[in-house]
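The structure appears right after this line, and notes come after that.
The values are calculated or read from the model by the stated rules, or taken from the named source; none is laboratory data. What you see is a predicted model; the values in this text were computed from it and never measured. As a convention, Cβ positions derive from the backbone with ideal geometry for all residues, glycine included, and neighbour counts pool all protein chains shown. These accessible areas exclude ligands, DNA and RNA; they are computed on the full protein's heavy atoms, side chains included. Shrake-Rupley method; radii C 1.70, N 1.55, O 1.52, S 1.80 Å.
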Amino acid sequence: MSAGLRVAVTGATGLIGGRLLARLRADGAETTILTRNAARTRQRLSLTASERALDWQPTGEAAPADALSGRDAVVHLAGEPIAQRWSEDVKLELRESRVLGTQNLIAALRELPDDERPRTLISGSAVGYYGPHGEEPLDEDAPAGGDFLAGVCREWEREAARATELGMRVVHVRTGIVLDRHGGALAKMLPPFRLGVGGPVAGGRQFISWVHADDVVGLIAAALGDERWSGPVNATAPTPVSNRDFSRALGRALHRPALLPVPGVALRLLYGDMAEIVTTGVRAMPAKALVLGYEFAQPELDAALRDALA
């Protein structure tokens with residue numbers, strides 16, 4: 001990524017956003033953060049002189065033009081966390097935070113003069129785009145699935161892709177299960193595994209497309225600095241594993257047994273419809289990233305888990 005890049009970021013207080021901000025700082029980028037509470041974000045993230053935070057309510061208004069004008073790129077990561085129990089209200093929030101939020105971002109970009117509009121939009125997405133496919137390896141050309149999360153991802157990407165009509169390069173980062181002990185799916189797995197009562201879910205044959213948080217940031221940084229990156233990109237490690245193998249690896253990393261099977265019905269009682277992500281799985285492969293020469297910092301699960309839990 002080129003030093004001095006001017007980047008607007010949404011979702012900077014999220015699981016990936018904070019790590020991305022640290023990477024942008026290290027690379028000498030000038031960063032503008034769009035957030036629901038700018039004052040709280042300034043304090044929470046200890047922003048430097050080259051970083052600004054501006055208020056934005058993603059589902060209620062167009063993004064502030066001042067945050068976007070003159071930027072080189074926008075990284076759009078805002079959205080309600082997927083790793084929570086899905087009630088009908090939560091499902092509505094999951095969809096609107098992504099679809100309406102992206103619509104309101106594009107509306108602001110559309111109003112900018114051509115010479116002030118960013119040239120690149122990197123927008124979040126998820127491997128949930130594909131829906132359940134069993135053991136079939138999936139690259140970025142695989143079609144969208146038909147379940148709830150696939151529908152959200154499809155609409156999310158459709159709205160982000162409207163930036164191409166404005167002459168912008170658009171990258172959809174389809175993220176897998178992110179390994180970070182501070183949040184996301186891994187954080188929810190840790191308590192039972194630490195107690196020695198974790199194990200494979202719903203038979204354990206379904207695949208988990210995992211990725212270390214540092215590699216999600218690395219992929220975004222690569223996409224910011226290289227115009228060959230466009231369209232969907234699977235942000236997953238090149239070695240997806242079965243749920244059974246993932247459970248064993250997590251047990252090894254925690255020095256705990258991981259033998260107790262978890263029935264799918266128990267997971268559905270705990271997480272509602274979100275359980276489908278875990279009980280069905282997806283085997284996504286980072287074909288585009290590998291072709292473009294990206295070198296994963298954490299390509300192997302055991303080492304990635306040890307690092308994520310350190």
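Can you compute the charge dipole magnitude of segment 1-120 about its Cα centre, using +1 on each Lys and Arg Cβ and -1 on each Asp and Glu Cβ, nothing else charged? Give it in debye, rounded to the nearest 20.
On the way: 17 positive and 16 negative charges, 97 e Å.
In debye, rounded to 20, segment 1-120 gives about 460.
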Amide H partners (placed H, <5 Å) of ILE122, local residues excluded: VAL74, VAL75, HIS76, VAL171
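Excluding GLY70 itself, what net charge comes from residues whose Cβ is under 11 Å from its Cβ, given Lys and Arg +1 and Asp and Glu -1?
Values: positive: ARG6, ARG71, ARG117; negative: GLU30, ASP66, ASP72, ASP115, GLU116.
Residues close to GLY70 contribute a combined charge of -2.
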Hey, can you find the accessible area per residue of the chain for me, probe 1.4 Å, expressed in square angstrom? 43 Å²
Using a 1.4 Å probe on the protein chains only, how many percent of the accessible area of the chain belongs to carbon and sulfur? 51 percent
What does the charge count around ARG252 come to, taking other residues whose C-beta lies under 14 Å from its C-beta (Lys +1, Arg +1, Asp -1, Glu -1)? +1
Listed candidates (i) 0.99; (ii) 0.96; (iii) 0.93 - label of the one calculated as Rg/Rh (Cα atoms, Kirkwood Rh): (ii)
If you take every residue apart from LYS288 with its C-beta less than 9 Å away from the C-beta of LYS288, what net charge results, scoring Lys and Arg +1 and Asp and Glu -1? -2
Output ³J(HN,Hα) for segment 146-156: one whole-Hz value per residue in order, computed from phi by the Karplus curve 6.51 cos²θ - 1.76 cosθ + 1.60 with θ = phi - 60°, and x for Gly and Pro. x, 8, 4, 5, 4, x, 4, 5, 4, 5, 4
In sequence order, calculated HN-Hα J values of segment 125-137 (Karplus, 6.51, -1.76, 1.60; Hz; x Gly/Pro): 7, 8, 5, x, 3, 7, x, x, 9, x, 8, 5, x
For the chain, what is the mean residue ellipticity at 222 nm derived from helices alone (per DSSP H run of n ≥ 4: -39500 (n - 2.57); sum divided by total residues; nearest 500 deg cm²/dmol)? -12000 deg cm²/dmol
So between ALA107 and ALA144, what do we pick up on full extension, going 0.36 nm a residue minus the alpha carbon distance? 10.8 nm
Return the long-range amide H neighbours of ILE177 (sequence gap of 5 or more, or a different chain), with a cut-off of under 5 Å between placed amide H atoms. SER209, TRP210, VAL211
Cut-off under 5 Å, modelled amide H: who pairs with VAL201 long-range: VAL262
List residues of segment 267-310, by number, whose backbone nitrogen lies under 14 Å from a label position 7 Å along Cα→C-beta of ASP27. 294-295
